[in-house]
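Notes for the one structure printed next.
Taken together, the values in this text are just the output of simple stated rules run on the coordinates, not laboratory data. Keep in mind it's a predicted model, so treat the numbers as computed, not measured. Positions of Cβ are generated from backbone atoms using ideal geometry, with glycine treated the same way; all protein chains shown enter the neighbour counts.
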Amino acid sequence: MAAKKQNKKKDKKESAGQGFTLNPLVLVQRALQGRMFLTLSFFKRYWVYVVAITVMMLMYISNKYQYQSDKAKLGTLKVMLNNANTDFVAASSNYNSRILESQMKSYIDSMGIDLNISKQPPYKLTSDEK
């Protein structure tokens with residue numbers, strides 16, 4: 001009986017030395033001693049979790065990159081929209097001023113008044129008396 005207990009203790013010690021432990025103190029001790037704490041047996045035992053975590057990290061990086069590129073594209077589209085709105089307002093005011101001018105000219109012509117559009121800008125008249 002005593003021999004069986006000693007064999008079980010030896011088996012536990014051997015498997016603990018070869019396997020992976022989640023005890024942080026043991027991991028730090030192994031890292032400070034220069035020993036590997038991520039062994040092949042760890043990857044054999046937990047390969048599904050390692051692959052899943054790796055895939056999730058890659059998806060996170062991809063999602064973050066996609067978000068940043070979409071945000072940059074949205075910024076450029078906002079600038080383009082502002083420029084288009086400015087161009088629209090300028091074209092609209094130019095068009096409205098021409099429409100008003102042409103309507104006024106046709107109204108004056110229909111009245112028989114001889115008025116023309118001035119080629120030179122108006123002058124400000126000032127008096128020399130002070």
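A few notes on this one:
- Applying 1/(1 + (r/R0)^6) with R0 = 41 Å to the Cβ-Cβ distance of residue 78 and residue 43 gives a FRET efficiency near 0.30.
- Against the empirical curve 2.2 N^0.38 Å, the C-alpha radius of gyration of the range 44-126 lands at a ratio of 2.71.
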